[in-house]
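Comments concern the structure below.
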Amino acid sequence: MSDFLLILVSTALVNNFVLVQFLGLCPFMGVSNKLESAIGMAAATTFVLTLSALVSHLVFHRLLAPLGLEYLRIIAFILVIAAVVQFTELMVRKTSPLLHQVLGIFLPLITTNCAVLGVALLSVRRESSLIEAGLYGLGAALGFSLVLVLFAALRERLALADVPRPFRGAAIAMISASLMSLAFMGFAGLVQG
Amino acid sequence: MLELIANHGILAAILVLLGLALAFGALLGFAAERFRVEGDPVVEKIDALLPQTQCGQCGYPGCRPYAEAIGRGEAINKCPPGGEPTIAALADLLGREPEPLDGEAQEEPRVAYIREAECIGCTKCIQACPVDAILGAARQMHTVIAEECTGCDLCLEPCPVDCIELRPREPDAWHWPRPELIASDRHDPPIIAGAASR
């Protein structure tokens, strides 16, 4: 049990995929303008990440490894992720059309979120069990969601702040992201990741 | 056959990827059938907010086509009969910024007026009015119920004797207009402008 908790904390906070490993920066910057859409994006990405971590673990250990085709893992995982994202898009369009409209192009672009592929590849390299792989994906997704929502809230307040002219827009967003990244380094000693 | 595949790694690779793609394709096809969306629910909601006068002032042949156009990203400020409340409701529904009514529309509210001495009682304007704001009967003089009129000017066209005109809406006599500020009232510098110039 404590092992599982350790995996969750280690992936969500200590080895946070966005702020420590710098994966998945595109949605981190792109969808963090409004808190509402950031929460929707976080939920969709959480679903995709967890599901694709599980499925790619199965594909790797049940299909590729027995046939000696480990070298196909990247293309196979991309296939898995694309299918899961497409499935998520269908679900979101059915359950919440407004969220579908708000997320727009960023929903299919989860496919190219390198955090999703990164989680699948890294969890295979850890040689973990199926449950551990799922938790690894869930932890990564929770970390991503936490950072995305925090950053969106931050940017909503930044929009009202009196920022010096040359720093407005993307510049101040980058600077505040790097400050958040520095803050997350404070977790480094928490768990031996 | 199996031996052939086992001896040629490339065949196994091709078969595995093909199998994966087919399996996912079948799953997605099934999901697309299972979670099919009937029509577009957003368009339904937009359509419910529009005033349903079907006046065509937005440039579309009715409220439903305009709702579909908004769903595709058209501006939300093209509905003069709906006015500000409709724009605000649409902005709220779609999460967009409310905008002032489209520039082509009249700045001030207008109301149709029938010069009653010239009216021949043909009832054509009654049929044209989308909001039933014209009162009258065949070969009787017609008149406009000013409170109901949206100023959409659809009744001007069908009138055979051109006795209808649009006039500026009379101000509401029961409420005094708020006095406008004159220069001597503004001795305090506006707060926001002061913060920006700092």
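Take the Cα of B:Ala146, step 7 Å toward its Cβ, do the same at A:Met91, and the gap between the two points is 6.0 nm.
How much length is gained if the chain between B:Glu99 and B:Arg139 is pulled fully straight, taking 0.36 nm per residue apart and subtracting their Cα-Cα distance, in nm to one decimal? Don't skip to the end; give the middle numbers.
On the way: separation 40, 0.36 × 40 = 14.40 nm, distance 4.42 nm.
So the extension gain works out to 10.0 nm.
The stretch B:69-85 and the stretch B:121-177 have Cα centres spaced 24 Å apart. Which ordering of B:Glu97, A:Glu89, A:Glu36 is given by a fewest-first count of other beta-carbon atoms within 10 Å? With the fewest neighbours first, B:Glu97, A:Glu89, A:Glu36 line up as B:Glu97, A:Glu36, A:Glu89. Take B:Ala23, project a point 7 Å from its Cα along the Cβ direction, then tell me which residues of the stretch A:49-78 have their backbone nitrogen under 13 Å from it. The answer is A:55-67, A:76-77.
Isolated cysteines of the protein assembly as shown, defined as having no other cysteine beta carbon under 4.7 Å away, are A:Cys26, A:Cys114, B:Cys58, B:Cys63, B:Cys79, B:Cys119, B:Cys122, B:Cys129, B:Cys149, B:Cys159, B:Cys163. Under 5 Å from the amide H of B:Arg110 lie the amide H atoms of B:Arg169, each residue being 5 or more positions distant or on a separate chain, with H modelled from the backbone and absent for Pro and chain starts.
Please state the relative contact order of the stretch A:30-160 as a whole percent: Cα pairs under 8 Å, 6+ residues apart? It would help to have the intermediate numbers written out before the result.
Numbers: 140 pairs, mean separation 62.9, N = 131.
Relative contact order here is 48 percent.
Over the Cα atoms of chain A, the radius of gyration divided by the Kirkwood radius equals 1.00; this is the Rg/Rh ratio. Please report how far the C-alpha centroid of the stretch A:58-73 lies from that of the stretch A:1-51, rounded to the nearest whole angstrom. The stretch A:58-73 and the stretch A:1-51 have Cα centres separated by 27 Å. Based on Cα atoms of the protein assembly as shown, Rg over Rh with Rh as the Kirkwood radius reads 1.17. Judged by the ratio a/c of the largest to the smallest principal axis of the C-alpha gyration tensor, the stretch A:1-102 counts as oblate, that ratio being 1.5 or greater while a/b is no larger than b/c.
As a proxy for reagent exposure, A:Ser128, A:Ser178, A:Ser2, A:Ser123 were ordered by neighbouring Cβ count within 10 angstrom, fewest first; the result is A:Ser2, A:Ser178, A:Ser128, A:Ser123.
Rounded to the nearest whole Hz, the Karplus-based 3J(HN,Hα) values (6.51 cos²θ - 1.76 cosθ + 1.60, θ = phi - 60°) of the stretch B:139-145 follow the sequence 6, 10, 5, 9, 8, 9, 7, with x at glycine and proline.
Go ahead and run the numbers for FRET between B:Thr123 and B:Ala75, Cβ-Cβ distance against an R0 of 51 Å, rounding to 0.05.
Working: r = 36 Å, r/R0 = 0.70.
Efficiency for this residue pair is about 0.90.
For the stretch A:1-56, compute the orientation-averaged projected area of the C-alpha convex hull (one quarter of its surface), in nm². The partial results should precede the final answer.
Details: hull surface 18.4 nm².
Taking a quarter of the hull surface, the average projection is 4.6 nm².
Between rounded, prolate and oblate, where does the stretch A:62-134 land on the alpha carbon gyration tensor, with a ≥ b ≥ c its root eigenvalues, rounded for a/c under 1.5, else prolate if a/b exceeds b/c?
Values: a/c = 2.55, a/b = 2.37, b/c = 1.08.
Prolate shape, in that a/c is at least 1.5 and a/b is the bigger ratio.
Readers should treat all values here as calculations from the given coordinates under stated rules, not as data from a laboratory. The shown structure was predicted, so the numbers you read here are calculated from the model rather than taken from an experiment. Backbone-built Cβ (ideal geometry, glycine too); neighbour counts: all protein chains shown.
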